[in-house]
Amino acid sequence: MLIIKDISNLQSYLSAYQNRKYSIGYVPTMGALHKGHGELIKQSKKGNHKTIVSIFVNEKQFSSKEDFETYPRNKGFDYDFCIDNEVDILFEPSSEEIFKNDQTLLNNKNFKDILCDKFRRGHFDGVITVLDKFFSIIKSNKVYFGEKDYQQLKIIEKFIEEKYKSLDLVSVPTQRHEEGIAYSSRNEKLSKKQTQDFVDFHKKVKNFIGSLEGSLDIETANEKANDFMKSQDIDKLDYFEFRNDTDLSFVGTLSQARLFYAIYKGKVRLIDNLKV
Ligand code: PAF
């Protein structure tokens, strides 16, 4: 596996691939890799000649310096993980190089003021800004994202439609621990007790969803969701609501919906979404 840290070196390698008409699959990450990333890599390897993974903790998508500084970083492990998963190129540029020519923050206009955008203002501006840089440097044929960050996935889908028409976005279902909770880099920050609480919460949520009829309209289901949350012992709630899984609106029945939630265990913010 090649570990490349600067853009010009990377582009030399990529042009050799492109000259050979290799198809390139790209998996963008912020490191602290886990099974969810492993699945993205696996799908990329299946669908392309070469797979490139980037590790870049993007300061522009964090709302506080503390959150950025305490985001899990696990370099040695990440290198082993990429080698074990047979990644071809690991791209790990510096923040200076990525943002040196242009610091402009792009302005996301899609799926605004709902779900995470409502509680993490500017977060998705930071996400599309950094992806814009990476997409234009790497020029891959395909790019891979997980369904766990579903709103992010929808926003990127639109962004690619608008600006990178020849890039194929491949979405990959959420990978889960045996106990049901999704793999997430932020889980590393949970204590044993918090993890267990979160597992219990997830089980209750699954049972709650199972108790609802698919023909129920989304608005009524959300009244029940409010009642359900009143009896839950969580540290802080951002949102817990059903939305149509195509346009993230409140229109339709439960069978067309996902349940989206963002909760806190201690200071750790956990998000997930479950297809009904
Ligand atoms: O999902 C993530 O890890 C990040 O938001 C992404 C897409 C790598 C952009 O920094």
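Side notes on the structure shown:
- Taking 114, 128, 24 as the candidate residues, the one with maximal mean-square fluctuation in a Gaussian network model of the chain, Cα springs under 10 Å, is 114.
- The stretch 1-151: relative contact order in percent, alpha carbon pairs under 8 Å with at least 6 residues between: 36 percent
- Label sites at residue 237 and residue 64, each approximated as a point 7 angstrom past Cα along Cα to Cβ, lie 2.2 nm apart.
- Taking only the alpha carbons of the stretch 201-262, we obtain Rg and Dmax values of 11.1, 32 Å in that order.
- Sequence-separation-based contact order of the chain, relative, with Cα cut under 8 Å and 6+ spacing, percent: 17 percent
- The translational diffusion coefficient of the stretch 153-196, from Stokes-Einstein at 37 °C and 0.692 mPa s with a Kirkwood hydrodynamic radius over alpha carbon pairs, comes to 249 µm²/s.
- Rounded to the nearest whole angstrom, the semi-axes of the ellipsoid equivalent to the stretch 49-206, taken from the Cα gyration tensor as √(5λ), stand at 26, 20, 18, largest first.
- Length, then width, then depth: along the principal axes, the Cα atoms of the chain run 57, 39, 35 Å.
- Label-point gap, in nm, between residue 275 and residue 139 - each point 7 angstrom along Cα→Cβ: 3.5 nm
- Cα-based helix-to-principal-axis angle, 123-138 vs the chain, degrees rounded to 10: 30 degrees
- Candidates per trypsin sites (Lys or Arg not before Pro) in the stretch 123-191, loop by DSSP, up to 12 other Cβ within 10 Å: 165
- Low-density loop cleavage sites - GluC sites (Glu not before Pro) in the stretch 207-276, where at most 11 other Cβ are within 10 Å (DSSP): 213
- For a straight C-alpha distance cut-off of 17 angstrom, the lysines reachable from residue 230 (same-chain residues fewer than eight places away being disregarded) are 203, 204, 206, 265.
- Tail weight of P(r) past 14 Å, computed on alpha-carbon pairs of the stretch 112-156, percent: 54 percent
- Selected from 40, 254, 106 as most flexible by GNM, with the chain as the system and alpha-carbon contacts under 10 Å: 106
- DSSP beta bridge pairing in the chain, given as percent antiparallel to the nearest 5: 50 percent
- Charge sum, other residues only, whose C-beta stays under 15 Å from residue 213's C-beta, Lys/Arg counted +1 and Asp/Glu -1: -2
- Kirkwood Rh and Cα Rg combined as Rg/Rh, the stretch 1-118: 0.99
- The share of alpha-carbon pairs in the stretch 117-276 lying farther apart than 23 Å comes to 44%.
- What a 1.4 Å probe finds exposed on the chain is 47% carbon and sulfur by accessible area, rounded to a whole percent.
- Computed [θ] at 222 nm, helices only, for the chain once each DSSP H run of length n ≥ 4 contributes -39500 (n - 2.57): -12500 deg cm²/dmol
- Computed from Cα positions, the angle between helix 218-230 and the longest principal axis of the chain comes to roughly 80 degrees.
- A 1.4 Å probe, protein heavy atoms only, puts the accessible area of residue 264 near 40 Å².
The values are calculated or read from the model by the stated rules, or taken from the named source; none is laboratory data. Fair warning: this is a prediction, and the values are worked out from it, not measured in the lab. Ideal geometry is used to build each Cβ from the backbone, glycine not excepted, and the neighbour counts take in all protein chains shown. What goes into the accessible areas is simple: the full protein's heavy atoms, side chains included, and nothing from ligands, DNA or RNA. Shrake-Rupley method; radii C 1.70, N 1.55, O 1.52, S 1.80 Å.
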